Amino acid sequence: MLAKVNTITNIGLDCQLIEVEADMSNGLPGFIVVGLANKAVDEAKERVRSAIKNSSLNLPPRRITLNLAPADLPKNGSGFDLAMAVSLLVASKQVGAIPASSAFLGELGLDGSMRPINGALSAAQACKENGITDLFVSAAVASQAALIVGINVYPVESLIGLYKHLIAEVLIAPLPPTPIKAKQARAEVDMSEVYGQDQAKRAIEIAASGNHNILLSGPPGSGKSMLAKSLVGLLPAPSYEESLEITKIHSLAGQNSQGIIATRPYRNPHHTASNIALIGGGQWPKPGEISLAHRGVLFLDEIPEFARNVLEVLRQPLEEGCVTIARATSSQSYPARFLLVAAQNPCPCGYAGDQESICSCSPSQIQRYSNKISGPLLDRLDLVVNVGRVKRSQLINAEASESSKDVRKRVAKARAIQASRFADASIKTNNEMNNKQIQKFCVLQSDARQLLEQALTNLKLSARAYMRVLKVSRTIADLESAPDIEPKHIAEALQYRI
């Protein structure tokens, strides 16, 4: 008998409906899986065979062929196990035919229990888009799949439990839709814990308001890392759509299987990370650190210590907000709209230009150290801030400064202005504006235009740097609720590029 059961496979962040066809025929007993399956899928026949036997169900000693259609699409992962087992139960007439509106997704243990799988949220969304109304998925990730409204998600604990449901003996109740409650990310450091550094704090506020990339440069112990860690606490809670995006990426990477991620991510990879770890990849490409930081903060501490080829892969994602990973078998794109915070010392010893400590580096060492960050990459950073040594009086007196809560109010107000401005566009912040939008929304007063023209000549700004100055100026104006960009806004934006 021939049986057909639907399942889902991940292709990047997207998914595609897969039809599992099971055929049992006369001949020497055997079990063959076809349909361009990888090793994990091919090994599923052993898991399925043991799961059926240990669930007190019957697998007839016949010639079994399982086909995963479409056959020309590569299949990977262990999520096909449940659909394979159900197709065999249908083919052996232990359960009735399965409606085309149902899909099955999950990994089986040898005892018939269900194990969690990656990408449950993306799979549920694909089900909705393909007209699937009932999704049977591993119970461990069912709450995540239930975030998608419009389909019935059934949490499956074991194969025998699903069998009893299919024969209407003990029914599995579908999960109710899971509401999403966005949360403010809790930063490790509050702005009030950073002593002094008023200019750097101002730059951090601007970066958070417009999602601008920022480089903090200064001697050891000046507070660069603390400023970076405080930034995520200034960002507003993610919207419903942003929470879904963040959760889908982390679920696909196998870093989240329970519910929604309702806070903005903060990623801090070590400087020994490879370029594949940063942008993603592998034989079956998975998201890297820049995608895991999507809609959040990516902090690269001691950025000159990263390998140069690792830093250079950031160029395209910083411009386009996504990364495309091409392999011989497939090409997959992942979103990467992150806020980059980089920190560096001015030289290998860290004390070049410091008034209290003597630098032990030679001019050639300092030059080689600074050359580790290429000009094209530096040109893509909106704000470059010198974080000097904290004064002794500021450390000893420890005067109270603004808390993250106070700064967050101004950031939220500026972001609200941008949300209203870009209501009809697909972007959310000033940093995402293209040239056409810059021309429309970055209206300069006459004095501001003259100042910018003079700076363009004297500072020899590139076209990219010129546009980024306009974006930062627009954000500074938004912080003051100014309709047009004034000379003081241009002047402040320019000081971060000198």
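Read-outs: derived from the displayed coordinates by stated rules, not from any lab. Values in this document were obtained by computation on a predicted structure and should not be read as measured data. FYI the Cβ positions are ideal-geometry reconstructions off the backbone, even for glycines, and counts take in every protein chain you see.
Beyond 21 Å, the tail of the calculated P(r) for the stretch 29-97 holds 20 percent of the Cα pairs. Charge tally for Ser78 (other residues, Cβ to Cβ under 13 Å; Lys, Arg +1; Asp, Glu -1): 0. Quick one: Cα centre-to-centre distance for the stretch 10-59 and the stretch 394-472, in angstrom? Computed from Cα coordinates, the inter-centre distance equals 55 Å. Nearest 5 is fine: what % of DSSP beta bridges in the stretch 296-378 come out antiparallel, could you say? Around 55 percent of the beta bridges assigned by DSSP in the stretch 296-378 are antiparallel ones. Cβ crowding within 10 Å, taken as a proxy for footprinting-reagent exposure, orders Glu21, Glu205, Glu46 from fewest neighbours to most as Glu46, Glu21, Glu205.
What angle, in degrees between 0 and 90 and rounded to the nearest 10, separates the Cα long axis of helix 446-458 from the longest principal axis of the Cα atoms of the chain? The helix 446-458 is inclined about 90 degrees to the chain. For Arg115, neighbours were defined as the other residues whose beta-carbon sits under 13 Å from its Cβ, and their charges (Lys and Arg +1, Asp and Glu -1) total -3. Projected over all directions and averaged, the alpha-carbon convex hull of the stretch 110-242 occupies 12.5 nm².
Dividing the Cα radius of gyration of the stretch 185-335 by 2.2 N^0.38 Å, with N the residue count, gives 1.08. With semi-axes defined as the square roots of five times the eigenvalues of the C-alpha gyration tensor, the equivalent ellipsoid of the stretch 2-166 measures 23, 17, 14 Å, largest first. Look at the alpha carbon pairs under 8 Å that are at least 6 residues apart: their mean separation over the length of the chain gives a relative contact order of 13 percent. The angle separating the long axis of helix 198-210 from the principal Cα axis of greatest extent in the chain is about 40 degrees.
Residue-wise HN-Hα couplings along the stretch 464-470, as the Karplus relation 6.51 cos²θ - 1.76 cosθ + 1.60 with θ = phi - 60° gives them from phi, are 5, 4, 4, 5, 6, 4, 5 Hz; Gly and Pro carry x. In terms of its C-alpha gyration tensor, the stretch 249-333 comes out oblate, because a/c is 1.5 or above while a/b does not outweigh b/c. For the stretch 348-456, the C-alpha radius of gyration sits at 1.57 times the compact-globule guess of 2.2 N^0.38 Å, with N the residue count.
Using the number of other C-beta atoms within 10 angstrom as an exposure proxy, rank His271, His250 with the fewest first. Please report the intermediate quantities before stating the final value.
Working: His271 14, His250 21.
Listing His271, His250 from fewest to most nearby Cβ atoms yields His271, His250.
Taking every pair of Cα atoms in the chain, average 1/r, invert it to obtain the Kirkwood radius, and report Rg/Rh to two decimals.
With Rg and the Kirkwood Rh in hand, the quotient comes to 1.08.
DSSP beta bridges fully contained in the stretch 191-400 are about 35 percent antiparallel.
Work through the residues other than Leu292 whose Cβ is under 15 Å from its Cβ and net out their charges, Lys, Arg +1 and Asp, Glu -1.
+3
Distance from the C-alpha centroid of the stretch 295-363 to that of the stretch 231-288: 17 Å, rounded to the whole angstrom. Counting neighbouring Cβ atoms within 10 Å and putting the fewest first, the residues Tyr369, Tyr266, Tyr466 line up as Tyr466, Tyr369, Tyr266.
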